[in-house]
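Asker: The following block contains the structure, expressed as structure tokens.
Rule-based calculations on the coordinates, nothing more; no lab input. A quick note: this is a predicted structure, and the numbers were derived from the prediction, not measured. Cβ placement follows ideal geometry from the backbone for every residue including glycine, while neighbour counts extend to all protein chains displayed.
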Amino acid sequence: MKIYSFIGRDRDGKKISGEMPADSPSVVAEQLLKRNIQPLEVKVATSNLGQGLMDELFGQNPPKTDDLVLMSRQLQTLVRAGIPMVRAIHGVQGGSRNPMLQKALNQIATALESGQDLSRAMASHPKIFSTLFVNMVRVGESTGRLDEAFGQLYHYMEVDSATRKQIKSALRYPAFVMSGMFAALFVMTYFVLPNFFGFFKSFKMELPWQTKLLMATSQFTLNYWYLILIALVAGVLGFTSYIKKTDGKLWWDRTKFSLPVVGDIIKRGTLARFSRSFAMSSKSGVPILGILESVAHAVDNAYVAKKIWEMMIAIERGESLVQASYATQLFPPLVIQMLSVGEETGSMDQMMDDIASFYEREVEYDVKALSSAIEPIITIVMGVMIAILAMGVFLPLWDLVKGAKG
């Protein structure tokens with residue numbers, strides 16, 4: 001959907017101009033006629049030209065989850081209070097701190113004034129509103145429970161944001177320690193060890209293997225530091241480029257579940273997101289295939305999304321949800337059992353809510369224990385490195401002292 005500028009005349013012959021989001025100029029003309037405005041000129045707004053580049057240069061980034069949480073909470077309150085949607089959108093727009101979200105809300109309000117549905121207007125901004133978000137709003141519109149839809153979205157995003165923040169907080173200390181350790185190694189390699197090695201060579205003595213290893217490493221780093229830097233940059237760029245591709249993203253999202261220490265946390269968090277989004281869509285009365293389509297976009301994991309699409313194909317062939325879930329070999333027995341009970345009793349939304357709550361508690365507990373689990377690994381790595389450094393430097397000194405005494 002693009003932004004079109006238009007010029008027209010109303011019933012009194014007064015010239016009117018403005019901008020409107022639409023799929024084509026004919027849609028703009030149709031909407032103007034509905035408002036009793038005779039269109040004279042419709043063209044793509046100049047603000048569209050190069051807007052993506054301008055946004056990149058001047059930092060108009062997509063809103064964070066916290067921005068969407070605040071927006072959903074405000075819209076829930078305003079809609080529940082009976083405030084007209086256009087007025088509610090303008091009210092939320094004034095309180096937003098993200099320029100990109102402000103611009104999108106302004107365009108959404110314009111689209112609403114021209115007769116579009118809220119869900120369709122939001123769908124024209126896929127970088128801001130996910131498929132799950134749009135589907136929940138669409139269901140809220142059709143059932144007349146838009147306030148409940150925003151409330152469910154608010155709760156879902158708040159829990160998801162809290163989990164991500166907890167994981168980042170738990171990893172902050174290990175990252176700080178590892179950074180300090182590599183900084184210390186850099187100083188030792190470039191400024192300290194070369195002086196020791198020159199001193200040892202002057203005595204023409206047989207050096208232990210620890211010292212030879214340090215000398216070779218230090219010499220290689222000093223002579224070929226630019227090659228190491230190029231290799232690191234090329235490796236990072238190559239890896240990030242690969243995981244942006246379809247095959248690479250599928251491989252990386254699957255590999256995340258097998259990572260040491262954090263793999264189980266990532267998997268449980270993904271299952272919690274799957275269950276919560278499934279429950280939200282199920283409560284709103286969305287058909288099972290529509291539920292799975294929304295969930296596939298919401299889980300933010302290409303591997304899990306692929307398995308969900310396989311479930312949809314199996315269901316279209318006539319299999320039950322439980323059979324399709326079991327065939328993916330993705331879900332643990334707990335989820336399969338709860339799905340079976342929900343399918344039999346017709347309380348699928350409640351069962352999935354219970355699963356989501358269970359995994360969210362598990363993730364919260366695991367995240368709190370994450371620092372404790374990583375600290376022994378860091379301690380062992382640091383101990384080995386310090387031992388090699390100490391033996392590489394002090395063993396030759398000890399041999400010199402023994403030789404001097406002898």
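Asker: Under the rule of -39500 (n - 2.57) per DSSP H run of 4 or more residues, summed and divided by the residues of the chain, what mean residue ellipticity at 222 nm is obtained, to the nearest 500 deg cm²/dmol?
Answerer: Values: 19 runs with 299 residues, N = 406.
That comes out to -24500 deg cm²/dmol.
Asker: Further question on the same structure: Hey, what did region 225-308 get for relative contact order, percent, Cα under 8 Å, at least 6 apart?
Answerer: Result for region 225-308 is 25 percent.
Asker: Dipole magnitude of region 261-406 about its Cα centre, charges +1 at Lys/Arg Cβ and -1 at Asp/Glu Cβ only, in debye to the nearest 20?
Answerer: Dipole magnitude for region 261-406 comes out near 700 debye.
Asker: How big is the gap, in Å, between the Cα center of region 218-236 and the Cα center of region 238-264?
Answerer: Result: 25 Å between the Cα centres.
Asker: Could you name the lysines in cross-link range of LYS165, using Cα to Cα under 30 Å and dropping any fewer than eight places away on the same chain?
Answerer: LYS64, LYS103, LYS127, LYS244, LYS245, LYS249, LYS256, LYS267, LYS283, LYS306, LYS307, LYS368
Asker: Between MET157, PHE199, LEU132, whose Cα lies farthest towards the positive end of the dipole of region 110-257 when Lys and Arg beta carbons carry +1 and Asp and Glu beta carbons carry -1, centred on the Cα centre?
Answerer: Of MET157, PHE199, LEU132, it is PHE199.
Asker: Here is a further query. Considering all alpha-carbon pairs of region 237-298, what whole percent are spaced by more than 19 angstrom?
Answerer: I get 48 percent for the Cα pairs in region 237-298 exceeding 19 Å.
Asker: Per-residue counts of other Cβ atoms within 10 Å, averaged by peptide: what ranking do you get for 271-278, 259-266, highest first? Walk me through the intermediate numbers first.
Answerer: Numbers: 271-278: 25.9, 259-266: 15.4.
Highest to lowest by the protection proxy: 271-278, 259-266.
Asker: Quick check: the angle from helix 370-405's long axis to the longest principal axis of the chain, C-alpha only, nearest 10 degrees?
Answerer: That helix lies at roughly 20 degrees to the long axis.
Asker: Specify the angular offset, from 0 to 90 degrees and rounded to the nearest 10, of the alpha carbon long axis of helix 263-283 from the longest principal axis of the alpha carbons in the chain.
Answerer: Helix 263-283 sits at roughly 10 degrees to that axis.
Asker: Extension gain SER320-LYS15, at 0.36 nm per residue separation less the Cα-Cα distance, in nm? Walk me through the numbers before you get to the answer.
Answerer: Numbers: separation 305, 0.36 × 305 = 109.80 nm, distance 6.01 nm.
Additional length available on full extension: 103.8 nm.
Asker: Mind checking which lysines have their C-alpha under 30 Å from LYS204, skipping anything on the same chain fewer than 8 residues away?
Answerer: Straight-distance partners of LYS204: LYS212, LYS402, LYS405.
Asker: Can you tell me what the convex hull of the Cα atoms of region 263-368 projects to on average, as an area in nm²?
Answerer: 6.0 nm²
Asker: Say we join alpha carbon atoms closer than 10 Å with springs in a Gaussian network model of the chain; which of LYS165, LYS267, LYS34 then has the biggest fluctuation?
Answerer: Of LYS165, LYS267, LYS34, the most mobile in the Gaussian network model is LYS34.
Asker: To continue, here is another question. Listing VAL27, VAL187, VAL381 from the residue with the fewest other Cβ atoms within 10 Å to the one with the most, what is the order?
Answerer: On the way: VAL27 17, VAL187 10, VAL381 13.
Lowest count first: VAL187, VAL381, VAL27.
Asker: On to the next question. I'd like the distance separating the alpha-carbon centroids of region 339-395 and region 99-158, in whole Å.
Answerer: 35 Å
Asker: Could you tell me how many degrees, from 0 to 90 and to the nearest 10, lie between the Cα long axis of helix 146-187 and the main elongation axis, the longest principal axis, of the Cα atoms of the chain?
Answerer: The helix 146-187 is inclined about 20 degrees to the chain.
Asker: Here is a follow-up. Using the Kirkwood formula on the Cα atoms of the chain, what hydrodynamic radius do you get, in angstrom to one decimal?
Answerer: For the chain, the Kirkwood estimate is 26.2 Å.
Asker: Next question. If you take the charge dipole of region 266-406 about its Cα centre, with +1 on Lys and Arg Cβ and -1 on Asp and Glu Cβ, which of ALA369, VAL381, ILE313 is farthest toward its positive end?
Answerer: VAL381
Asker: Indicate the gyration tensor shape class of region 63-157 (rounded, prolate or oblate), computed on the Cα atoms with a ≥ b ≥ c the square roots of the eigenvalues: a/c under 1.5 is rounded; otherwise a/b larger than b/c is prolate and the rest oblate. The partial results should precede the final answer.
Answerer: Values: a/c = 1.18, a/b = 1.07, b/c = 1.10.
Judged from the Cα gyration tensor, region 63-157 comes out rounded (a/c under 1.5).
Asker: Here's another thing I want to ask about it. Which one, ALA121, LEU171, GLY144, projects farthest toward the positive side of the charge dipole computed for region 87-175 from Cβ point charges (K/R +1, D/E -1)?
Answerer: Positive-end residue among those listed: LEU171.
Asker: Taking the Cα centre as origin and putting +1 on Lys and Arg beta-carbons and -1 on Asp and Glu beta-carbons, what dipole magnitude results for the chain, to the nearest 20 debye?
Answerer: 1240 debye
Asker: For region 181-211, which chymotrypsin sites (Phe, Trp or Tyr not before Pro) pass both filters: DSSP loop (anything but H, G, I, E, B) and at most 15 other C-beta atoms within 10 Å?
Answerer: Numbers: sites: PHE182, PHE186, TYR190, PHE191, PHE196, PHE197, PHE199, PHE200, PHE203, TRP209; in loops: PHE203.
Those satisfying the criteria are PHE203.
Asker: Could you name the aspartates and glutamates whose alpha carbon sits less than 15 Å from that of LYS34, not counting residues in the same chain fewer than 8 places away?
Answerer: Partners found: ASP10, GLU113.
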